[in-house]
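The values are calculated or read from the model by the stated rules, or taken from the named source; none is laboratory data. Since this is a predicted model, take the numbers as computed values, not measurements. Cβ atoms come from the backbone with ideal geometry, glycine included; neighbour counts cover every protein chain shown.
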Amino acid sequence: MEKTEKQRWREHTASRIQKFLLLRKNCVRLKMKKQDSEDIVRTLLVETDSYDESLSQTGDVSSDLKNQLQHLRIMIAAAKEQYDHRLIGVTSIQRDETEMNTDRRLTAQIQSESIIETRRGAYINKIKDTIATLEDHLKIIRSARIGDELQNICSVLDVQIPNVNREQARDLHYMET
């Protein structure tokens, strides 16, 4: 019975470890996506800065290019904000799942320890009952032996007491005479 529980515990633990590894893998993938997005944002920022420099150097800036640049900046800011919100959401979900898994593992461990402690107590009580039963049997055996020994002593005394009475009667008879 303990083997099946150990096996279930191992399977349960293996399942949890596998889920944890999947979560970690997802986290790594998200970090890589974040890095890629940040690289894109940096590239876009560098490009916008270079556009700014080239526009300022030429001195001949058209309103059309200014509008495009402003539009790009707005798009970059919106994309960055959207990415930040997604990252916060994914991180929050991952943290919640990790906490739930940790809580489940802790609860399972506490339950396992409780079961083990209960079984240990039951086993100790069983051993104590067995010892008490064996002690009772030993007392019964000892009292039976003592009874047998007393019977032997009584039978020996029964054989010898009549002889003692005869000898005492003789001794009394000799003393009187």
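A few points about this structure:
- Residue satisfying condition, being within 30 Å of Phe20 (Cβ to Cβ) and aliphatic (A, V, I, L, M), within set Met75, Met32: Met32
- Residue in the range 42-54 that is hydrophobic (A, V, I, L, M, F, W, C), under 30 Å from Thr13 (Cβ atoms) and under 51 Å from the mean Cα position of the chain (by Cα) present: no
- Selected residue (only one of Leu106, Leu87 is in contact (Cβ under 8 Å) with a residue 12 or more places away in the chain and part of a helix (DSSP H, G or I)): Leu87
Table: residues versus (1) surrounded by 11 or more Cβ atoms within 10 Å (Cβ to Cβ); (2) modelled with pLDDT under 85; (3) not charged (D, E, K, R).
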| site | (1), (2), (3) |
| --- | --- |
| Thr43 | no, no, yes |
| Val61 | yes, yes, yes |
| Arg86 | yes, no, no |
| Ser92 | no, no, yes |
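- Scoring Thr102 on the criteria (1) at pLDDT below 90; (2) surrounded by 11 or more Cβ atoms within 10 Å (Cβ to Cβ); (3) out of contact with any helix residue (DSSP H, G or I) (no Cβ under 9 Å at 6 or more places or on another chain) leaves a single failure, condition (1).
- Asp84 closer than 20 Å to Lys31 by Cβ and acidic (Asp, Glu): yes
- Boolean, Ile140 is among the β-branched types (Val, Ile, Thr), more than 23 Å from Glu5 (Cα to Cα) and in a helix (DSSP H, G or I): yes
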